[in-house]
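Encoded as structure tokens, the structure appears first; notes follow it.
The values are calculated or read from the model by the stated rules, or taken from the named source; none is laboratory data. Just so you know, these numbers come straight off a predicted model, no measurement behind them. Positions of Cβ are backbone-derived with ideal geometry, glycine not excepted, and every protein chain shown enters the neighbour counts. Ligands, DNA and RNA are stripped out before the accessible areas are found, and what is left, the full protein with its side chains, is counted by its heavy atoms. Shrake-Rupley method; radii C 1.70, N 1.55, O 1.52, S 1.80 Å.
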Amino acid sequence: NIGASTMIPFLECALREQRVASLEDYAPTLRRWIEMRAYPSEDGGVVAFFQDVTARRRSQHATEFLAAASRLLTSSSNYTETLSNLAQAAVPRLGDWCAVDILDDPASTAWPPILRRVAVVHQDPEKITLGARMTNLYPTDWNNDVGIARVIRDGEPLFVPTITDAMISASAHD
């Protein structure tokens, strides 16, 4: 990850070898992908340029995910296994978490609907345990105007690319 421990050796290498160098890495403090280019200068220094390449990286990750998803969709006739494999492929390419719930009876008009969770993925197993605990402590509010209740009620997808502190505070129960 880009930080002083990465940048200084990178700049020193460009200076020592007197060549243009390029580095692309994730900067966790900025939550962005950064491309850094270093150009040795005639006066014995080095000039560095930084560019945010997060949009390009997201596009690459999405393309990689779609390629993997295409392979996974044809790899098994068991739809539960296929959905679980897709969730595995989504993390960390598209997000930190992926959960897949299936409506037991999509044609039913009963409210609340009955959902069956077929996959939960996070790179840290402790987060999966924490998520399950939170789901048990705070079950879905089916009268809510946001989240899964809204998606199922309205039949419209919901994409939330970033969970903010304000969103977390607004949904906190205690």
Filtering segment 61-84 down to residues that are surrounded by 13 or more Cβ atoms within 10 Å (Cβ to Cβ) and polar (S, T, N, Q), which residue is farthest from the chain's Cα centre (by Cα)?
Ser76
Scanning segment 159-170 for residues that are open to solvent by 80 Å² or more (accessible area, probe 1.4 Å) and outside any helix (DSSP H, G or I) gives Phe159, Pro161, Ile163
Which pairs turn up if I take residues in segment 156-174 that are farther than 25 Å from Leu30 by Cα and look for partners that are open to solvent by 90 Å² or more (accessible area, probe 1.4 Å) with beta carbon separation below 9 Å, at least 6 apart in sequence or on another chain?
His173/Leu137
Restricting to segment 85-108, count the residues that are modelled with pLDDT of 85 or more and either open to solvent by less than 60 Å² (accessible area, probe 1.4 Å) or among the small types (Gly, Ala, Ser) (or both).
14
Going through segment 2-47 in order, the residues found to be open to solvent by less than 40 Å² (accessible area, probe 1.4 Å) and either free of Cβ contacts under 8 Å to residues at least 12 places away in the same chain or over 27 Å from the mean Cα position of the chain (by Cα) (or both) are Phe10, Cys13, Ala14, Ala21, Ala38, Pro40, Ser41, Gly45
Every listed condition ((1) touching a Pro at 6+ places or on another chain (Cβ under 8 Å); (2) exposed (fewer than 10 other Cβ atoms within 10 Å of the Cβ); (3) not polar (S, T, N, Q)) holds for Trp142 save (2)
Every residue in segment 111-132 that is open to solvent by 60 Å² or more (accessible area, probe 1.4 Å) and in a loop (DSSP other than H, G, I, E, B), please.
Trp111, Pro112, Ile114, Gln123
